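The structure under discussion appears below in the form of structure tokens.
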Amino acid sequence: MKIAAAGFQHETNSFAGRRTPRSEFDRPGGWPAFCRGEEMGRIMRGTGTPMAGALRVADAAGVEVVPILWCIGLPSGPVEDAAFDDIACDICRGFEAALTAGAEALYLDLHGAMAAVSWPDAEGELIRRLRKIAPAPFPIVASFDLHGNISEAMVRDLTLLDCYRTYPHTDLKDTGARTMERLIAHLDGAPAPVLAYRAVPFLVPAPEQCTFLEPTKGLLAAADALIAATPGIEEISQFFGFPLADVPDSGPAMIVQGQDPAAVEAAAEHMLNLWCRAESAFHTRRVPAAQAVAEAVALAAGPGTGPVVISDTQDNPGGGGSGDTTGMLHALLAGKAVGAVMVHIADEPASLAAHAAGLGGVVDLAIGAGLSREYGDPVPGPWTVVALGDGSFTGVGPMYRGNPIALGPVALLERDGVRVIVAPRKMQASEPGLLMHLGLVPEEQAILVLKSSVHFRGAYQDMARAIVMGVAPGCVVSDLTLLDYKLALRKPAGSTA
Ligand SMILES: [Zn+2]
């Protein structure tokens, strides 16, 4: 048995301003660099990605995998047409070569919320092109992020699919593994499933999608119960959607898969009803930056252990933030949050200046806001260099575990008792390995400000004394009513494939 495999991921924030060029897929912070062929097979097997899970299952089953290419760009603005087209054509050429070499199926490791400038449903377009090369019933399957904005086109052209069941995402490998298991079973003779699609007629802000919290926890449990109680249903993939992609398919959707068409349709309708009834239950408390800092200072002086965590959610690089907004850092200094650590601000000149000054040196420059000046001014020094690192370490948190991470030269700077990590590149602050790389023990910090909306909870939910959701200016807007949507939610409610 021979299966071709490719990965191409991006989560597009339509409100992030800048477009995403091809170069953003070369060396994304926190993830493997662009890789192809034999090198891809070697690199990806050691990572925490869906591709790694899929390869593990294929290896165990004695299946030969033909690696095409794998790449990811960090969440940011719409992907430039040339970038999407270049990589999509690259995958198509690799797929044709794999077919010539005898591949009997294709596994795709996708996100699901990529929007190119001219292709708002970018994954749908990629899959359409692949389907043109190998018409149905040739098996083409995909695993997705649960933030995928899934279109009818994707569902129509895929043989089967799956998505993560956790947010923070801690089941990337499991999802790739499940998808590959079902693909191998299908190649071994199991019939392809019937797929029923339902789009949910509202958007859910990312902080409200956490699967530690209700109502998503209950919706996932309801799907599990339905599968257990209903013969003929194999899988219910619930996508929470990425609400900052202003595309026609933005928003939650579910795809029920199984052998009994009537049961599959009934389950899809049931789950859609549960989602619609849950709409008002999606809610989290958020406070402005100054209040978040005041609350954190008070909580840190009170009972309990572990850091008080402030989520700087509106500059979450995992949602398209530039990772260099300064609202929270200004608030920490104004609020005299001594002992706080800001993780982290992307500022290459500051990182290089810190390394030039050396340990104990002083850097007298303003930090941050290089790409996000509209959201606040840089934060002036002088800053003392407290720790330095080369920025190369291995992920230890539940999301990035095993991933080789290369941020470039990083530094820990301090002013008036407030510390900030600076690095040349952005990365979501869900990985405690960065703190440890700079000699900090995460558990021992008084206050941690993390540029992350939900993923930080994977490493910090249990460790934290308290969690405060803070709102400082940024493009990862958590109050969706403030955004001027042009395309989202234009589909009829409950749209079906
Ligand atoms: Zn996601």
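Mind running the shape call on the stretch 140-255? Use the C-alpha gyration tensor, a ≥ b ≥ c as the square roots of the eigenvalues: rounded below 1.5 for a/c, prolate if a/b tops b/c, oblate otherwise. Write down the numbers at each step before the final one.
On the way: a/c = 1.70, a/b = 1.39, b/c = 1.22.
Because a/c hits 1.5 or more and a/b exceeds b/c, the stretch 140-255 counts as prolate.
Let's test this: bin the Cα-Cα distances of the stretch 9-132 at 10 Å from zero up to the farthest pair and state each bin's percent.
Percent of pairs per bin, in order: 13, 44, 34, 8, 1.
Residue by residue through the stretch 432-449, which ³J(HN,Hα) values in whole Hz follow from phi under the Karplus form 6.51 cos²θ - 1.76 cosθ + 1.60 (θ = phi - 60°), with glycine and proline marked x?
Coupling constants for the stretch 432-449: x, x, 5, 4, 5, 4, 9, x, 9, 9, x, 4, 8, 7, 6, 9, 10, 9 Hz.
List the residues of the stretch 300-316 whose backbone N lies under 13 Å from a point placed 7 Å from the Cα of E443 along the Cα-to-Cβ direction.
In the stretch 300-316, the label zone of E443 (backbone N under 13 Å from the point 7 Å along Cα→Cβ) covers 305-307.
Using R₀ = 25 Å, calculate the FRET efficiency as 1/(1 + (r/R₀)^6) where r is the Cβ-Cβ separation of D462 and Q291; round to 0.05. Mind dumping the intermediate values first?
Details: r = 25 Å, r/R0 = 1.00.
It comes out at approximately 0.50.
Which semi-axes, in whole Å and largest first, does the equivalent ellipsoid of the stretch 287-478 have when worked out from the alpha carbon gyration tensor as the square roots of 5 times its eigenvalues?
Working: eigenvalues 90, 70, 57 Å².
Working through the eigenvalues yields semi-axes of 21, 19, 17 Å.
Ranked highest first by average number of other Cβ atoms within 10 Å, how do 141-152, 209-220 line up? Mind dumping the intermediate values first?
On the way: 141-152: 26.8, 209-220: 17.8.
The densest-packed peptide leads the list: 141-152, 209-220.
At a 10 angstrom cut-off on C-beta neighbours, averaged per residue, how do the peptides 336-345, 54-63, 289-298, 107-116 rank from highest to lowest?
On the way: 336-345: 23.8, 54-63: 18.4, 289-298: 20.6, 107-116: 27.6.
Sorting 336-345, 54-63, 289-298, 107-116 by mean packing, highest first, produces 107-116, 336-345, 289-298, 54-63.
Express the relative contact order of the stretch 287-478 as a whole percentage, based on alpha carbon pairs under 8 Å and six or more residues apart in sequence.
Numbers: 504 pairs, mean separation 71.9, N = 192.
Once divided by the residue count of the stretch 287-478, the mean separation gives 37 percent.
Could you go through the stretch 196-203 in sequence order and give the Karplus-derived ³J(HN,Hα) for each residue, using 6.51 cos²θ - 1.76 cosθ + 1.60 with θ = phi - 60°, rounded to whole Hz, and x for Gly and Pro?
Here the 3J(HN,Hα) series is 10, 10, 9, 9, 8, x, 8, 9 Hz.
What is the ratio of the Cα radius of gyration of the stretch 348-428 to 2.2 N^0.38 Å, where N is its residue count, to two decimals? Before the final figure, lay out the partial values.
Details: Rg = 13.4 Å, N = 81, 2.2 N^0.38 = 11.7 Å.
Dividing the Cα radius of gyration by 2.2 N^0.38 Å gives 1.15.
Quick check on the stretch 287-478: of the DSSP beta bridges with both residues there, what percent are antiparallel, nearest 5%? Each step should come with its number before you reach the end.
On the way: 16 of 35 bridges.
Here the antiparallel bridges make up roughly 45 percent for the stretch 287-478.
Between their Cα atoms, which of K173/K486; K336/K486; K451/K486; K173/K217; K132/K451 are more than 32 Å away from each other?
Details: K173/K486 35 Å; K336/K486 42 Å; K451/K486 27 Å; K173/K217 20 Å; K132/K451 41 Å.
Beyond 32 Å: K173/K486; K336/K486; K132/K451.
Where does the stretch 2-281 land on Rg/Rh, using Cα atoms and the Kirkwood Rh? Don't skip to the end; give the middle numbers.
Values: Rg = 17.6 Å, Rh = 18.7 Å.
So for the stretch 2-281, dividing Rg by the Kirkwood Rh gives 0.94.
When 1/r is averaged over all different Cα pairs and the result inverted, which Kirkwood radius in Å belongs to the stretch 188-316? Don't skip to the end; give the middle numbers.
Working: mean 1/r = 0.0584 Å⁻¹.
One decimal place: 17.1 Å for the Kirkwood radius.
Whole percent per 5 Å bin, from 0 to the bin with the longest distance: what is P(r) over all C-alpha pairs of the stretch 420-462?
5, 20, 37, 27, 10, 1
Evaluate Rg over Rh across the chain, taking Cα atoms for both radii and Kirkwood's formula for Rh.
Working: Rg = 22.4 Å, Rh = 23.0 Å.
Rounded to two decimals, Rg over Rh is 0.98.
Take the alpha-carbon centre of the stretch 343-421, take the same for the stretch 254-297, and report the distance between them in whole Å.
For the stretch 343-421 versus the stretch 254-297, the Cα centre distance is 36 Å.
What is the stretch 27-107's relative contact order, in percent, from Cα pairs under 8 angstrom and six or more apart in sequence?
On the way: 56 pairs, mean separation 25.5, N = 81.
It comes to 31 percent, rounded to a whole number.
How large is the helix-only mean residue ellipticity at 222 nm for the chain, computed as the sum of -39500 (n - 2.57) over DSSP H runs with n ≥ 4, divided by its residue count, in deg cm²/dmol to the nearest 500? Don't jump to the answer; show the numbers that get you there.
Details: 13 runs with 145 residues, N = 497.
The helix contribution divided over the chain gives -9000 deg cm²/dmol.
Can you give the relative contact order of the chain as a percent, counting alpha carbon pairs under 8 Å and 6+ residues apart? Working shown, then result.
Values: 1253 pairs, mean separation 90.0, N = 497.
Worked out over the chain, it gives 18 percent.
Among bridges DSSP assigns within the chain, what percent are antiparallel (round to 5)?
Expressed as a percentage, antiparallel bridges in the chain total about 40.
Can you put D90, D462, D121 in order of Cβ neighbours within 10 angstrom, beginning with the fewest?
Values: D90 17, D462 8, D121 24.
With the fewest neighbours first, D90, D462, D121 line up as D462, D90, D121.
Each reported figure results from applying straightforward, stated rules to the coordinates on display, with no laboratory input. Every value quoted in this text rests on a predicted model; they were computed, and no experiment measured them. Glycine gets a Cβ as well: all are built from the backbone with ideal geometry, and neighbour counts include every protein chain shown.
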